[in-house]
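Here's the structure, in structure tokens; my notes come after.
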Amino acid sequence: QVQLVESGGGLVQAGGSLRLSCAASGRTFSRNAMGWFRQAPGKEREFVAAISWSGGSTYYADSVKGRFTISRDNAKNTVYLQMNSLKPEDTAVYYCAARTSVVPSTKSQEYYYWGQGTQVTVSS
């Protein structure tokens, strides 16, 4: 069993930065691939970034590549999403998710555990 709690969301101006954190509980965290997804009002949930259990492999949506960085600290049971050069179109609720596999995925249906989400709002 893995429980996830996101933090770090907020209101920021375009061009600014935020760092989201996802604290996980559960003894198997280091064996879980992790992902970040987001959902804007009226839109479907979409993939943002994913990371393997070791942190050695990362994947990004084209819309955030070069601006966002996913990382993890298994000693702290935490995964991060550093978001730079934020744009108004990045506004959404951001969700942390964990797979029951060590291999990351870009598909939300392949993630078993989900956090409650944290709001990110980027003003123009």
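The values are calculated or read from the model by the stated rules, or taken from the named source; none is laboratory data. In this text, all values refer to a predicted model and were calculated from it rather than measured experimentally. Cβ atoms come from the backbone with ideal geometry, glycine included; neighbour counts cover every protein chain shown. Accessible surface is based on the protein model in full, side chains and every heavy atom, while ligands, DNA and RNA are left aside. Shrake-Rupley method; radii C 1.70, N 1.55, O 1.52, S 1.80 Å.
What to note about this one:
- Check on GLN3, modelled with pLDDT under 95 and either closer than 21 Å to PRO104 by Cβ or surrounded by 21 or more Cβ atoms within 10 Å (Cβ to Cβ) (or both): yes
- Test: residue in the range 70-86 that is closer than 21 Å to THR121 by Cα, of a type in the set (Val, Ile, Thr) and in contact (Cβ under 8 Å) with a residue 40 or more places away in the chain: yes
- Leading residue by the ranking (least open to solvent (accessible area, probe 1.4 Å)) among those in the range 71-101 that are under 24 Å from GLN119 (Cβ atoms) and of a type in the set (S, T, N, Q): THR78
- Count of the range 24-52 residues, restricted to those that are in a strand (DSSP E or B), at pLDDT 95 or above, open to solvent by less than 50 Å² (accessible area, probe 1.4 Å) and not aromatic (Phe, Trp, Tyr), is 7.
- Count of residues meeting criterion [over 11 Å from the mean Cα position of the chain (by Cα) and open to solvent by less than 70 Å² (accessible area, probe 1.4 Å)] in the range 57-70: 6
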